[in-house]
1. If F29 satisfies all but one of (1) exposed (fewer than 12 other Cβ atoms within 10 Å of the Cβ); (2) in contact with a Ser or Thr (Cβ under 6 Å, 6 or more places away or on another chain), what's the number of the condition it fails?
2. Among the residues of the stretch 12-43, write down those that are over 13 Å from A65 (Cα atoms) and either among the basic types (K, R) or assigned to a loop (DSSP other than H, G, I, E, B) (or both).
3. Just the residues that are surrounded by fewer than 16 Cβ atoms within 10 Å (Cβ to Cβ) and over 30 Å from G32 (Cβ atoms), please, taken from the stretch 197-225.
4. Regarding I254, is this residue under 15 Å from K152 (Cα atoms), under 20 Å from the mean Cα position of the chain (by Cα), assigned by TED's automatic domain parsing to the domain that holds R172 and of a type in the set (V, I, T)?
5. Keeping to the stretch 37-76, report how many residues are within 15 Å of N12 (Cα to Cα) and acidic (D, E).
6. Hey, among the residues in the stretch 140-187 that are touching an Asp or Glu at 6+ places or on another chain (Cβ under 9 Å) and aromatic (F, W, Y), which one's surrounded by the fewest Cβ atoms within 10 Å (Cβ to Cβ)?
7. Can you pull out the residues in the stretch 184-201 that are polar (S, T, N, Q) and without any contact (Cβ under 8 Å) to a residue 40 or more places away in the chain?
8. Restricting to the stretch 85-97, count the residues that are assigned to a helix (DSSP H, G or I) and exposed (fewer than 12 other Cβ atoms within 10 Å of the Cβ).
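The values are calculated or read from the model by the stated rules, or taken from the named source; none is laboratory data. Note that this is a predicted model, so its numbers are computed, not measured. So basically every Cβ, Gly included, is an ideal-geometry build from the backbone, and we count neighbours across all protein chains shown.
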Amino acid sequence: MDGEDGISYAANKLGQELLGFHGIEFIIFRDGANRKIEKLRGVEDDPDFVKVATNVTGLEELIYATAVAGDLRDRCYQLNVSWNADAPEEQRTRVVDECELPCTVGSGNNSYGTNMLNAGQAGSTYAMWREVASTILLSGCENIAKEVYSQKMGLAYSGEDPNYIESPYSKRSFYDFYDNIISIENSIYGGVEGNRNESKSIMAYLKKYNPELAATVETNIKNSLDKLTACQNSGTAFVDNPKAQCVADAIAAIEALDASLTAASTWIAAN
């Protein structure tokens with residue numbers, strides 16, 4: 001992986017469990033802090049790591065991290081090109097010509113963004129805009145909420161899988177979960193804060209035609225973010241105490257959000 005084709009090798013030869021950010025996290029963070037340079041100049045000594053591999057140098061780890069980071073960059077490009085019609089041309093060239101990654105729906109010409117925007121028109125897989133909104137709420141937002149409370153937090157909290165901890169080396173789990181909920185908020189409100197048009201958002205539609213349900217969703221988003229902020233402010237990382245009361249409170253709040261998102265999806269699909 002230390003040659004010119006290192007990124008391609010990582011993308012095509014490494015399994016999904018070795019790709020993405022979390023492998024990189026292990027290399028650049030330890031115990032909630034940046035890893036020491038002197039450690040990277042030596043041999044990996046993490047007790048769990050050396051049970052399966054010995055004499056792995058910091059240089060070898062950095063070669064791996066560089067290749068995986070390159071693949072992660074390309075996947076970010078792929079996501080942007082697949083949804084954003086105004087994606088930079090250099091990203092499009094990298095994705096389509098160099099990496100030959102798919103960025104359209106099926107074998108058609110529509111990007112995922114165009115496919116949604118053209119709902120009800122020839123070539124789109126969506127028959128009507130209600131189907132689009134319902135899909136955003138259910139397949140997008142609700143799935144994120146469910147993953148956060150039932151897996152990312154719930155598996156360790158319940159003891160079902162105490163080793164299922166996101167970002168254990170940087171100890172940024174609670175911040176990751178918070179950002180997950182922010183992504184739900186952004187989807188429902190029509191963009192990132194400071195650069196959104198709420199008048200054309202899913203929330204605007206709910207407020208106009210079902211204000212009670214809109215208020216429930218809004219309250220649950222805020223409550224989820226507040227509970228996760230309390231987790232952040234607890235002074236203890238998720239990996240160090242996954243059974244903390246603040247974790248239980250956050251799980252309950254996000255589960256309520258999940259239920260209200262499902263209700264909103266069902267209502268919009270029918271109205």
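1. Among (1) exposed (fewer than 12 other Cβ atoms within 10 Å of the Cβ); (2) in contact with a Ser or Thr (Cβ under 6 Å, 6 or more places away or on another chain), the lone unmet condition for F29 is (1).
2. Within the stretch 12-43, K13, G15, R30, D31, G32, R35, K36, K39, R41, G42 meet the criteria.
3. Pass one, the stretch 197-225, residues surrounded by fewer than 16 Cβ atoms within 10 Å (Cβ to Cβ): 197-200, 208-209, 211-212, 215, 219, 222.
Residues satisfying the conditions are N197, E198, S199, K200, K208, Y209, P211, E212, A215, T219.
4. Against the criterion (under 15 Å from K152 (Cα atoms), under 20 Å from the mean Cα position of the chain (by Cα), assigned by TED's automatic domain parsing to the domain that holds R172 and of a type in the set (V, I, T)), I254 qualifies.
5. Matching residues across the stretch 37-76 total 2.
6. Y169
7. Here is the first cut: in the stretch 184-201, the residues polar (S, T, N, Q) are 186-187, 195, 197, 199, 201.
Of everything in the stretch 184-201, those that are polar (S, T, N, Q) and without any contact (Cβ under 8 Å) to a residue 40 or more places away in the chain turn out to be N186, N195, N197, S199, S201.
8. The first filter runs over the stretch 85-97 and keeps only residues assigned to a helix (DSSP H, G or I), leaving 89-97.
From what is left, the residues that are exposed (fewer than 12 other Cβ atoms within 10 Å of the Cβ) are 89-90, 97.
Final tally of qualifying residues: 3.
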